[in-house]
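The values are calculated or read from the model by the stated rules, or taken from the named source; none is laboratory data. This is a predicted model, so every value here is computed, not measured. Here the Cβ is made from the backbone with ideal geometry for all residues, glycine too, and neighbour counts use every protein chain on show.
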Amino acid sequence: MNTATILPAQGICFAIGINTAKFVASRLLRDGRIRRSYIGVSAQTAPVHRRVVRFYDLPKEMGVVVLGVEENSPAKRAGLREGDIIVALEGQPVAGVDDLHRVLTDVRVGVSCSLTVLRWTEKLELKIVPEEAR
């Protein structure tokens, strides 16, 4: 589904995937809004050192490095720290910020989840309870 086209830019356009459009449309019709989970971090996609990937037999070589943790957020209460690398949520591999957004759906709001993180070279399992994004 095309959302915007820049005519003088040789056909460059921005689009939304059809599955995303169907999901959003059905939720808007059903609930009148989109609910999302929120954990309270600023983060970016980053590679995980190959030796760490092999040692812990991680399914992906990328993760989400935490750049900041908001005060009074679910991440702060769970003990997440700057520099931690998120590699899974509820056993689902997280290879980037997009993956993290994809698994933080409305069904996770208020539900305790297992967050797998790497802190230096140690693999930790933290319990986190995502809140509804405002």
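Here are a few things to note about the model shown:
Residue by residue, here is whether (1) surrounded by fewer than 11 Cβ atoms within 10 Å (Cβ to Cβ); (2) modelled with pLDDT under 90; (3) farther than 22 Å from ARG119 by Cβ holds:
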site	(1), (2), (3)
ILE16	no, yes, yes
ASP31	yes, yes, yes
ARG35	no, yes, yes
THR45	no, no, no
ARG51	yes, no, no
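- Condition met for VAL109 (outside the structural domain of ARG27 (by TED's automatic domain parsing), among the aliphatic types (A, V, I, L, M) and within 20 Å of GLU131 (Cα to Cα)): yes
- Pairing each residue of region 19-35 that is closer than 17 Å to HIS101 by Cα with any residue that is hydroxyl-bearing (Ser, Thr, Tyr), provided the two are 6+ apart or on different chains, yields C-beta distances under 9 Å for ARG35/THR105.
- Of all the numbered requirements in (1) among the charged types (D, E, K, R); (2) exposed (fewer than 15 other Cβ atoms within 10 Å of the Cβ); (3) at pLDDT 95 or above, ASP98 misses one, and that requirement is (3).
- Exactly one residue among SER73, SER112 is in contact with a strand residue (DSSP E or B) (Cβ under 8 Å, 6 or more places away or on another chain) and free of Cβ contacts under 8 Å to residues at least 24 places away in the same chain, and that residue is SER112.
- Hits in region 101-134 (condition: part of a strand (DSSP E or B) and of a type in the set (Gly, Ala, Ser)): SER114
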